[in-house]
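**Student:** Sharing a structure, written as structure tokens. Questions coming.
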Amino acid sequence: MMRRGKINPREANRVMQRMGMQVQQLDEVTKVIMETPTKRIIIDSPEVATVTIQGQTVYQVGGGTMREEGIGGGSDEDVKLVASQAGVSADEATNALRQLNGDLAQAIILLKQKRSP
């Protein structure tokens with residue numbers, strides 16, 4: 001039971017099971033990466049657990065060290081420009097822009113070099 005604000009982990013698991021919740025610790029996770037259209041959030045050495053409630057699984061991430069990286073995927077106009085100038089698909093243009101942090105000129109040069117025999 002509770003003692004001075006601390007819950008016995010074993011008792012907490014029993015209570016959660018009675019409520020239909022299952023918690024499982026994922027021990028071998030070394031990195032968690034979350035991406036938005038403009039940035040990438042990386043958490044190294046996290047503590048990750050899955051919580052299953054009524055058939056839905058929720059991932060809980062805690063601890064670790066967090067860092068952010070920019071993603072230079074470019075706007076739709078940038079992608080269209082690079083794709084048309086380099087003669088490639090929009091997906092290829094987007095990948096090149098991400099790789100080069102949004103540098104249009106470098107993306108076009110890189111893609112043209114890949115296409116040249």
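**Student:** Which of the residues that make up segment 102-117 are open to solvent by less than 50 Å² (accessible area, probe 1.4 Å) and not small (Gly, Ala, Ser)? Spell out how you get there, then give the answer.
**Tutor:** Initially, segment 102-117 is screened for residues open to solvent by less than 50 Å² (accessible area, probe 1.4 Å), giving 102, 107-108, 110-111.
Answer for segment 102-117, where residues must be open to solvent by less than 50 Å² (accessible area, probe 1.4 Å) and not small (Gly, Ala, Ser): 108, 110, 111.
**Student:** Just to be sure before I move on: is residue 11 exposed (fewer than 13 other Cβ atoms within 10 Å of the Cβ) and closer than 30 Å to residue 98 by Cα in the structure I sent?
**Tutor:** No: the conditions fail for residue 11.
**Student:** Scan segment 89-101 residue by residue and report those that are open to solvent by 100 Å² or more (accessible area, probe 1.4 Å) and in contact (Cβ under 8 Å) with a residue 12 or more places away in the chain. Show your work before the answer.
**Tutor:** Here is the first cut: in segment 89-101, the ones open to solvent by 100 Å² or more (accessible area, probe 1.4 Å) are 91, 98-99, 101.
Matches in segment 89-101: 98, 101.
**Student:** Does any residue of segment 48-66 turn out to be of a type in the set (A, V, I, L, M), touching a strand residue (DSSP E or B) at 6+ places or on another chain (Cβ under 7 Å) and not in a strand (DSSP E or B)? Give the derivation first.
**Tutor:** In the first step, residues of segment 48-66 are kept if they are of a type in the set (A, V, I, L, M); the result is 48-49, 51, 53, 58, 61, 66.
If we keep only those that are touching a strand residue (DSSP E or B) at 6+ places or on another chain (Cβ under 7 Å) as well, we get 48-49, 51, 53, 58, 61, 66.
Subset that is not in a strand (DSSP E or B): none.
No, segment 48-66 contains no residue that is of a type in the set (A, V, I, L, M), touching a strand residue (DSSP E or B) at 6+ places or on another chain (Cβ under 7 Å) and not in a strand (DSSP E or B).
**Student:** What pairs come up if the first residue lies in segment 47-61 and is under 21 Å from residue 34 (Cβ atoms) and open to solvent by 100 Å² or more (accessible area, probe 1.4 Å), the second is part of a strand (DSSP E or B) and of a type in the set (Ser, Thr, Tyr), and their beta carbons are under 9 Å apart, counting only those six or more places apart or on different chains?
**Tutor:** 59/50; 60/50
**Student:** Continuing with this model, one more query. Within the bounds of segment 77-85, is there any residue that is under 20 Å from residue 39 (Cβ atoms) and open to solvent by less than 60 Å² (accessible area, probe 1.4 Å)?
**Tutor:** yes
**Student:** Something else about it: Among (1) at pLDDT 85 or above; (2) within 30 Å of residue 105 (Cα to Cα); (3) open to solvent by 60 Å² or more (accessible area, probe 1.4 Å), which single condition is residue 39 missing?
**Tutor:** (1)
The values are calculated or read from the model by the stated rules, or taken from the named source; none is laboratory data. As the structure is a prediction and not an experimental result, all values here were calculated from the model. All Cβ positions, glycine included, derive from the backbone under ideal geometry; neighbour counts span all protein chains shown. Ligands, DNA and RNA are stripped out before the accessible areas are found, and what is left, the full protein with its side chains, is counted by its heavy atoms. Shrake-Rupley method; radii C 1.70, N 1.55, O 1.52, S 1.80 Å.
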